[in-house]
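The values are calculated or read from the model by the stated rules, or taken from the named source; none is laboratory data. Everything numeric here is computed off the predicted structure, so don't read it as measured data. All Cβ positions, even for glycine, are placed from backbone atoms using ideal geometry, and neighbour counts span all protein chains on display.
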Amino acid sequence: MEKLYEGKAKILYPTDDPEILLTVFKDDATAFNAQKRGQIQGKGEINCAISAALFRWLESLGIATHYLNTPSPNQMRVKSVKILPLEVVVRNIAAGSLCKQTGLTEGTVLPFPLVEFYLKDDALGDPLLTRDRILVLEVATPEQLEELQSKALQINEYLKDFFNCCNITLVDFKLEFGLDSQGQILLADEISPDTCRLWDQAQTDPQARVLDKDRFRRDLGQVESAYQQVQKRVLEQIAQVSV
């Protein structure tokens, strides 16, 4: 099949139905706006499994997503959506760029969940946007912005509780949304150790607790085992809540 689009972590293919696309998750890993590249063995299948499980679970809670099914371990059939060119980041604990930009100490619990919007543009370095800049760029309407913020906060509450049951702290995470053919906003992309900061609650050492792509970014080692650990805990918890 001819590719519709290839990104850093996934490839999109058309299907016989124009309303449905096939997403193939790759083992490729990138960091720092693709300045650092590598591979994480088995990442594609792990992230596909985690994302599929969490999408199904969020759907059961009333969150509309693009997910349909998984025809193979690293493939996901999804509804075709027009991706809004915004990365929606929700932060519960200070880490990463928030610490660099504000001087907050890593691990500082924020007084409330912080929702940020970044422009999806590699050439510009995915800059942080204000509400007015978003409106000037016309990448979302005021109504869409309000809905994105509301959905992001709702998803955060669900995921925080879910990961807590996995003995994992949800530090922060990135979401992407798209518009379906009826103009409905759907949660899209993925939810995985690639897009979330996840800390093992059983570990107090700042390096040992990391269960996400920061292990790759910061050359902490044992990247594959961290991803596998998240998959194991997520699928075990999904099995419990599905009983």
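Below are the figures for this structure:
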| read-out | value |
| --- | --- |
| Neighbours by Cβ (under 9 Å, 6+ apart or cross-chain): first from the stretch 60-71, assigned by TED's automatic domain parsing to the domain that holds residue 20 and surrounded by fewer than 16 Cβ atoms within 10 Å (Cβ to Cβ); second among the hydroxyl-bearing types (Ser, Thr, Tyr) and outside any strand (DSSP E or B) | 60/242; 61/158 |
| Residue within the stretch 225-239 that is among the charged types (D, E, K, R), surrounded by fewer than 16 Cβ atoms within 10 Å (Cβ to Cβ) and either under 22 Å from residue 57 (Cβ atoms) or touching a helix residue (DSSP H, G or I) at 6+ places or on another chain (Cβ under 9 Å) (or both) present | yes |
| Qualifying residues in the stretch 119-158 (those that are among the acidic types (Asp, Glu) and part of a helix (DSSP H, G or I)) - the one surrounded by the most Cβ atoms within 10 Å (Cβ to Cβ) | 147 |
| Selected residue [surrounded by fewer than 21 Cβ atoms within 10 Å (Cβ to Cβ), in a strand (DSSP E or B) and of a type outside the set (A, V, I, L, M, F, W, C)] from 178, 183 | 178 |
| Close pairs (8 angstrom Cβ cut-off, 6 or more residues apart or separate chains): among the basic types (Lys, Arg) in the stretch 216-230, modelled with pLDDT under 95 and assigned to a loop (DSSP other than H, G, I, E, B) anywhere | 217/32 |
| Qualifying position, being in contact with a strand residue (DSSP E or B) (Cβ under 9 Å, 6 or more places away or on another chain), of a type outside the set (Asp, Glu) and modelled with pLDDT of 95 or more, among 80, 60 | 80 |
| Top-ranked residue in the stretch 107-116 [being surrounded by 13 or more Cβ atoms within 10 Å (Cβ to Cβ) and not β-branched (Val, Ile, Thr); ranked as farthest from residue 153 (Cα to Cα)] | 107 |
| Residue ID - surrounded by the most Cβ atoms within 10 Å (Cβ to Cβ), chosen from residues in the stretch 164-175 that are out of contact with any helix residue (DSSP H, G or I) (no Cβ under 8 Å at 6 or more places or on another chain) and closer than 22 Å to residue 60 by Cα | 174 |
| Unique match (being assigned to a loop (DSSP other than H, G, I, E, B) and out of contact with any Gly (no Cβ under 6 Å at 6 or more places or on another chain)) among 46, 63, 50 | 63 |
| Pairs where the first residue, in the stretch 131-152, is of a type in the set (Asp, Glu) and the second is modelled with pLDDT of 95 or more and surrounded by 13 or more Cβ atoms within 10 Å (Cβ to Cβ), C-beta under 8 Å, 6+ apart | 147/185 |
| Residues that are surrounded by fewer than 12 Cβ atoms within 10 Å (Cβ to Cβ) and touching a helix residue (DSSP H, G or I) at 6+ places or on another chain (Cβ under 9 Å), drawn from the stretch 1-33 | 32 |
| Test set (1) among the polar types (S, T, N, Q); (2) at pLDDT 95 or above; (3) not in a loop (DSSP other than H, G, I, E, B) - residue 240 fails condition number | (2) |
